[in-house]
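Structure first, commentary second.
The values are calculated or read from the model by the stated rules, or taken from the named source; none is laboratory data. The structure displayed is predicted, hence computed values, not measured ones. No Cβ is skipped: glycine too gets one built from the backbone with ideal geometry, and neighbour counts run over all protein chains shown. The protein model used for the area step is the full one, side chains on, heavy atoms only, and it has no ligands, DNA or RNA in it. Shrake-Rupley method; radii C 1.70, N 1.55, O 1.52, S 1.80 Å.
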Amino acid sequence: MNIYVCIKQVPDTETKIKLNSDQTWIDTSGIKWIVSPYDEFAIEEGLKVKAQFPESKVTIVSAGPDRVVDAIRTGLAMGADTGLHIELPETADHFITAQAISKALQKEEKVDLLFCGKEAIDDGAAQTAQLIAAAMDIPALTVILEAQYTENSVQVKREVEGGTIEVLESSLPAVIAAQKGLNEPRYASLPNIMKAKKKEVKKVSLADLGMSESDQKVKLKNFELPAPKAAGRKLDGTPAEMAAELVKILHEEVKVI
Amino acid sequence: MFNFESLLFLIIAGAAFTYAGIQLKNLFLLAKAHQGTEKRCDRLGERITLTVLNVLGQKAVLQKKWIGILHATIFWGFLLITIGTLEQFLSTLIPGVSFEFLGKTFYSGLLWTQDLFTVLVFLAVLGGAYRRLIVKPAYVTLNKDANFILLFTGLLMISILLMNAFHIMGAHPWYENSLPFSASLSEGLLFLNLDPHTALLLGKTFKWVHMLIVLGFGMYIPSSKHLHVLAAGPNTFFQTIGRSKGMKPIDFEDETLEQYGTAKVTDLSWKDALDYYSCTECGRCQEVCPAWNTEKPLSPKKLISDLKYNLFRNKEAVLKKDYEAVSDVIDHELTSDVIWSCTSCRACEIACPVFIEHTDKIYDIRRDLVMMKSEFPSEVQTVFKNMETNATPWAFSADDRDAWCEDLPVKKMNEVSSPEELDYLLWVGCAGAYDDRNKKVLRSFTRILNKADVKFAILGKEEQCTGDPARRIGNEYLFQTLATANVETLNRYSVKKVVTACPHCFNTLKNEYGDFGGNYEVIHHTQLMADLIQSGKIKPSQSLEQKITYHDSCYLGRWNDEYSAPRKVLESVAKKPVEMKAHHDQSMCCGAGGGRMWMEETLGKRINVTRTEQALETGASVVASGCPFCMTMISDGLKTKDHQDTVLVKDLAEILDDSLTD
């Protein structure tokens, strides 16, 4: 099988986000970049399918500036075979990303399975997996908790709001977007980290795909940080007094009741 | 000159020595086939002194009093009696030969001590049997090997006494009075009414009995735990000198290396082999092991014997150097749970009378599990990732590393214009920087430093985890990434002296950064506080009325031999310091060392609770600590025991800070 795993490089979860000077994007200096955690489930799932069908090849795909090659190498260290880096600007939107990935994959070997995380933890948009599927005109199975594979089909359990589980079956090729719980991503062994340094990462530019930055649909205008969280307030008195005080605050200050 | 008897002896002894010799040669080759490297021939003078003290002087054995005295008696007796055995061999080969030529006075003195020790050894054997069969201490395993050794040692002594007694009865030699015990026995046997000829014949018979048991014993030793009589001496000689020791680094630049850590017993070194040859399963390590004592699968004693039997099982393949065919070191006996149970408290190594180094083997097996196989407790993965991205085992931003001292007069290195004027770099450590409880310790300590006019600065955001957790857990690669980064930063500021409140940082900076080009004078904050008190730079009032007990940190105590500085600080403040039942080098670990701080404790009882119970037994209302992890573990233990409101855990810096008037 030809397995592709699309991953996004995101700031580490502990990053203190700051804005750049003209407030058009975040200040990326000093940020520690990681593979978005849901995408780690996607990589692990790709590797598990390869273990089930040993003839498979796993390719890590990431779109973005040069720094994303590090994220691709992380996937290669976990055990993927090869990498594909699509050059996109820092501020690319989900549409252009999905278009570029879909066009780039048309030039690659036939896609059997394409894994993504259910969302990236930076913007939390949860769009790219579906947009890629739409662009490639193949089924999208999102928020997946469990999957069983055959040569040409997949049966999945999908989490729906309210804790309900949907069981779906699809033919291949298909896009599968991983939810936490799908698997436990492995920690790369040292020999695999060493080997990953020598694996091929192919580079593709927008021009190579017949696209340009003007294909982007969303234009970013201005960023601002949320107001700092106010300190908590502690109510004193008997339970009855505190309840009365709380109701008063909710009614008069917060105006929710 | 030769007769039938000497010929017969020559054949039997020749066969026995050949058999034992072949076995010993194999043991030597098996050790040599280990692939790990060790260099242990430096500091010859100290090695010789240590060997004389501990082998001839039995120093380490005598750490345990009664069994130590029994062992020393048997050992010294063995040396003296072996001279007699040699004489027996020679006189059998060449009739008439004896050591009389050494001078009559000397010879009769030798005989007298031999006679005395024959009786003493026999009594010691009875004592040993009583201990093994009647007292049965939990850390001693009852096995055939041990009983066999005691029985044969006892029989050897009986045969010597009977040999001498019958010889005296038949020949009445001039040295009769130099063998008082044998002579008394001879008198006691007079009721047998033997003629001199029969008595001499019986004397000779028991000489043969003795010699044959000796030869049999010689053949038995190489395959038994009694091998320690040959291996323990060399093992004492090749020990790690001094208490402080760092882990051996792996050279990741060496491209010929394909295996990191120990997957097979042969990945260890010849010194490790000598370690397991030296083990006589006395159980002292097991008796003090916090993992074993809280019902975890790790027994340091069994670890060592499992490694030995693994080697013996793979003997054929190892001798052929067919390493592929050697079975894995992790098997159904030595499971990964054994390896992960270790807190690296080093109580086993301190207790071992033959200087076996258990922790190195555990670390090296962990290296294979982590770096080669990615097999480790799953909660550790987050720890590694935090260390990789944010240079701390906890999930905090590197940007927040200096947030703890924002409102304090604490300088950062990059704000100091002339770093050479500083007395110390204060290494804050991840606990000091991020753990809310430990931040208070650092705040107290900086107040003390400022009061004492100590000039110091911190690295601030430039500090990274020392890598200690990664290294103890087995991720040497991650450790070295952090270590080299820190060394680069420290050297950039030409740092000479470092003080830290974390014994784990202390140990790593002091004993391990040298391998990466970082050579600093590193002291623990309790050492600096003790100095400041002694030199009068701070004057605490001895005003603390409460009963207070100090819990030794393993990495300050057993790993770096510092027991007095924290106690000096405590005594300068507290009127009633009390010791727990286990303290100084016999202290019990809190359970957090060896990376256990970041692992769930799912097997057996909780170590921290057991240690907390020992603290509660003293009736102290304050437990003093010098380590952030000990503090966390004892605090958790107090919560479990529902004593969180009645007993406080405080760092010595906080205790001292409280006692200083402004």
Of the residues B:G233, B:G216, which single one is more than 14 Å from chain A (Cβ to nearest Cβ), in a helix (DSSP H, G or I), more than 30 Å from B:A582 (Cα to Cα) and open to solvent by less than 40 Å² (accessible area, probe 1.4 Å)? B:G216
Quick one: how many residues across the range B:442-466 are touching a Ser or Thr at 6+ places or on another chain (Cβ under 7 Å) and within 22 Å of B:M631 (Cα to Cα)? 2
If we keep only residues of the range B:595-634 that are within 22 Å of B:D337 (Cα to Cα) and small (G, A, S), then the residue least open to solvent (accessible area, probe 1.4 Å) is B:G595
Within the range A:3-20, does at least one residue satisfy the condition of being away from every other protein chain (no Cβ under 14 Å), surrounded by fewer than 17 Cβ atoms within 10 Å (Cβ to Cβ) and in contact with a Leu (Cβ under 7 Å, 6 or more places away or on another chain)? yes
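Assess whether A:V58 counts as being among the aliphatic types (A, V, I, L, M) and within 19 Å of A:A196 (Cβ to Cβ).
Spelling it out, A:V58 is indeed among the aliphatic types (A, V, I, L, M) and within 19 Å of A:A196 (Cβ to Cβ).
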Considering only the range B:250-292, how many residues are charged (D, E, K, R) and more than 14 Å from chain A (Cβ to nearest Cβ)? 8
Among the residues of the range A:53-66, is any open to solvent by 50 Å² or more (accessible area, probe 1.4 Å), more than 12 Å from chain B (Cβ to nearest Cβ), in contact (Cβ under 8 Å) with a residue 40 or more places away in the chain and closer than 18 Å to A:A174 by Cβ? yes
Complete set of residues in the range B:52-67 that are free of Cβ contacts under 8 Å to residues at least 24 places away in the same chain, closer than 23 Å to B:L126 by Cα and within 19 Å of the chain's Cα centre (by Cα): B:G57, B:Q58, B:K59, B:L62, B:K65
Is it true that some residue in the range A:78-97 is assigned by TED's automatic domain parsing to the domain that holds A:A188, assigned to a strand (DSSP E or B) and open to solvent by 40 Å² or more (accessible area, probe 1.4 Å)? yes
So B:T236 passes all but one of these: (1) under 30 Å from B:E512 (Cβ atoms); (2) assigned by TED's automatic domain parsing to the domain that holds B:F152. Which condition number does it fail? (2)
Tell me yes or no: at least one residue of the range B:167-177 is in contact with a Lys or Arg (Cβ under 6 Å, 6 or more places away or on another chain), of a type outside the set (G, A, S) and at pLDDT 95 or above. no
Working carefully through the options B:G103, B:G109, B:G96, find the one that is open to solvent by 70 Å² or more (accessible area, probe 1.4 Å), more than 26 Å from the chain's Cα centre (by Cα) and more than 20 Å from B:E287 (Cβ to Cβ). B:G96
With respect to B:L298, is the statement that it is of a type outside the set (F, W, Y), at pLDDT 95 or above and assigned to a helix (DSSP H, G or I) true? no
Show me the helices (runs of 4 or more DSSP H) found entirely inside the range B:314-429 where at least 3 residues are surrounded by fewer than 16 Cβ atoms within 10 Å (Cβ to Cβ) and more than 14 Å from every other protein chain (Cβ to nearest Cβ). B:315-319
Please enumerate the residues belonging to the range B:295-336 that are of a type in the set (S, T, N, Q) and either more than 19 Å from the chain's Cα centre (by Cα) or at positive phi (or both). B:N310, B:N314, B:S327, B:T335, B:S336
Just one listed residue, out of A:A177, A:A196, A:A147, is in contact with a Leu (Cβ under 8 Å, 6 or more places away or on another chain), surrounded by 17 or more Cβ atoms within 10 Å (Cβ to Cβ) and within 14 Å of another protein chain (Cβ to nearest Cβ), and it is A:A196
Checking the condition farther than 30 Å from B:I473 by Cβ, in the same structural domain as A:K57 (by TED's automatic domain parsing), in contact with a His (Cβ under 6 Å, 6 or more places away or on another chain) and open to solvent by less than 70 Å² (accessible area, probe 1.4 Å), which residue from A:V201, A:V160 passes? A:V201
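Here's the yes/no breakdown for (1) modelled with pLDDT under 95; (2) of a type outside the set (A, V, I, L, M, F, W, C); (3) in contact with a Pro (Cβ under 9 Å, 6 or more places away or on another chain):
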position	(1), (2), (3)
B:K581	no, yes, no
B:M599	no, no, yes
B:T610	no, yes, yes
B:T618	no, yes, no
B:T632	no, yes, no
B:D636	no, yes, no
B:D642	no, yes, no
Return yes or no: is B:N511 in contact (Cβ under 8 Å) with a residue 24 or more places away in the chain and surrounded by fewer than 21 Cβ atoms within 10 Å (Cβ to Cβ)? yes
Restricting attention to the range B:438-450, does a residue exist that is within 14 Å of chain A (Cβ to nearest Cβ), more than 25 Å from B:L648 (Cα to Cα), surrounded by fewer than 16 Cβ atoms within 10 Å (Cβ to Cβ) and not aromatic (F, W, Y)? no
Which pairs have Cβ atoms under 7 Å, sit 6 or more apart or on different chains, and link a residue in the range B:271-287 that is on the phi > 0 side of the Ramachandran plot to one that is of a type in the set (D, E, K, R)? B:E281/B:K225; B:E281/B:K301; B:G283/B:K301
When the residues of the range B:125-160 are narrowed to those that are part of a helix (DSSP H, G or I) and polar (S, T, N, Q), which ends up surrounded by the fewest Cβ atoms within 10 Å (Cβ to Cβ)? B:N147
